[in-house]
1. DSSP loop trypsin sites (Lys or Arg not before Pro) in the range 177-267 with at most 16 other Cβ atoms within 10 Å of their Cβ, which ones?
2. So what's the gap between the Cα centers of the range 490-506 and the range 100-129, to the nearest angstrom?
3. Would you kindly work out the equivalent ellipsoid of the range 1-129 from its C-alpha gyration tensor and give its semi-axes, the square roots of five times the eigenvalues, largest first in whole Å?
4. Considering only DSSP beta bridges where both residues belong to the range 2-504, give the percentage that are antiparallel (nearest 5).
5. What is the Cα centroid distance between the range 5-19 and the range 382-454, reported in whole angstrom?
6. If the viscosity is 0.890 mPa s and the temperature 25 °C, what translational diffusion coefficient in µm²/s does Stokes-Einstein give for the chain when Rh comes from Kirkwood over Cα pairs?
7. With a 1.4 Å probe and every protein chain kept in, tell me what percent of the accessible surface of the range 2-504 is carbon plus sulfur.
8. Among 343-352, 42-51, 108-117, how do they line up by average Cβ neighbours within 10 Å per residue, starting with the highest?
Amino acid sequence: MTTTEHYDVVIIGSGVGGGSVALQLAGSDARVLVLERGPTLPREAQNWDPEAVFCDERYRCSETWYADGKPFNPGMFYFVGGHTKFYGTAMFRFREQDFDELNHAGGVSPAWPIKYADLEPWYGQAEKIFGVRGQAGVDPTEPFRSSEFTHGPVPHEPLLLDIEKRLQAQGLQPFPMPSAIDSGSGGRCQRCANCDAFPCKVDAKGDAEIKLIQPATQSTNVELRSGVRVERLITDESGQRVIAVEVVEGKNKYKINADLFVLSAGAINSAALLLRSANTKHSRGLANSSDVVGRYYMTHNTSALMAVHPFKINTTRFPKTLAVHDFYFGDESSSYDKPLGSLQLLGKIREPMLRQPLSYAPKFVRTALANRSVDWYAQSEDLPRKDSRISLRDDGSINMSWQRSNMAAHKRWVNKCKKILRKTGYPIVLAKSFGTEVVSHQCGTVRFGDDPTNSALDVHCKAWDHDNLYVVDTSFFPSSAAVNPALTLAAQALRVGRHIRENVLS
Ligand SMILES: Cc1cc2nc3c(=O)[nH]c(=O)nc-3n(C[C@H](O)[C@H](O)[C@H](O)COP(=O)(O)OP(=O)(O)OC[C@H]3O[C@@H](n4cnc5c(N)ncnc54)[C@H](O)[C@@H]3O)c2cc1C
Ligand code: SF4
């Protein structure tokens, strides 16, 4: 196998984690190579076609993973920019208390080794970089902030303005959801009615390709190589330093050397890569003397809710503008003092998206439902469990053993949301929880911490076991909170990128 190249830094993965570190290293003296297994996502008519995206699964990976031995095709998307090419653009900060130990109905959510205050300035930077639109001071659980949103919130469309009033009439404090889209005067967003789970044909979504990778590669010191899959990380004989990655590009297999490696392949693939890179010095896999790699897998407990009014057609084109956090930490009205979760508007559900879950219903019923529904997303915290685990099968493929946690709280939250939504004047509320194949909010599999015996990474996401390996994607999360992960990942990745630039490379 040939080894012809040497870089100062190799970054594996071009999502939020890898892209943020690349952006922080842009313009430095370091030669940086970003390796991405997927191609650049084509801008084409099918980007906004629900039939192509949901029925033909045009962009979904073709891999087979296993859930406790049972084969399935995971909701993974391999492109430059990673999962943000498809994300719903909801960009929340975690709450201050999310960084502390928090008692839930289903157990304890552990404290992070850093506090909200450590990330606060980086949250502000991340919001600026991603162009997050929002309004401070209206989310009842919002943490303190030292910088304002640079753009006001995306305005509600008429039907949602009406729902906002109906939520307020219940004594609730609905607020505009912080969202990373380039809308408003002069903005590129066309309110295309297909955003959450669709790529943006006009580059108006604040995704990692547009906001991180493209600006980073404007600097001559950062190079992106797409279509290159990293197979293994290779250490020196001592096992202390990673010296190279083994990659596959088309039919070619080769090695690339570097002084420093940043693994940002996404929580599941990063864990799998570390396990796959086991060698005589590290028989359990790299960065894994604590035996936590692959463990503590979390992905939020989530349900989609369709609030249906038989006579009201929903013509909203950008629905993700409203959220409710009044019950994030509990429900005083029923003396329930354990966290419940977040209620947010979801991207508009269309008939093709209902074909699989409502395959028994005739098409006209699915169409009627989709045209009349206001679609919501109830999200609660999934707690880290040691036996909730990514592991490798004998043939090297991925096995997931997701041990759902805290489901009593989630069920309670879904029931509460149904009541709230019925009171907004929608008599029918249908709910469906997401299953194992939905890995959108995957996290926790290479957790950071203070203690090398029960964490894989230190507070700067450096592997305790290796001098020059950082793991920077949602795998570092020790808990999942109940808000969406991308902004918190971006904040920590910017922090780590700055640390590498100022304290490690200089
Ligand atoms: C449909 C959908 C909607 C979502 N909506 C939201 C939302 O509204 N708000 C929010 O906060 N979050 C949302 N998320 C989650 C959010 O997108 C992710 O948390 C975030 O993008 C994760 O970034 P990452 O860098 O950890 O991983 P990824 O985005 O997965 O990036 C990892 C990259 O590494 C590449 N890669 C993997 N393996 C290899 C390898 N072996 N060699 C080379 N490259 C490799 C992948 O192709 C990918 O580009 C959503 C996700 C999905 C799928
Ligand atoms: S709603 Fe706007 S940002 Fe979202 S995909 Fe459509 S055009 Fe792009």
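1. Those satisfying the criteria are R188, R191, R241, K251.
2. Using only Cα atoms, the two centres lie 18 Å from each other.
3. 29, 26, 18
4. Here the antiparallel bridges make up roughly 65 percent for the range 2-504.
5. Going from one Cα centre to the other spans 29 Å.
6. 106
7. The value for the range 2-504 is 48 percent carbon and sulfur by accessible area.
8. 343-352, 108-117, 42-51
The values are calculated or read from the model by the stated rules, or taken from the named source; none is laboratory data. Just so it is clear, the model here is predicted, and its values are computed rather than measured. Cβ sites come from the backbone with ideal geometry, for glycine too, and all protein chains shown count toward neighbours. Heads up: the accessible areas ignore ligands, DNA and RNA and are worked out on the full protein's heavy atoms, side chains in. Shrake-Rupley method; radii C 1.70, N 1.55, O 1.52, S 1.80 Å.
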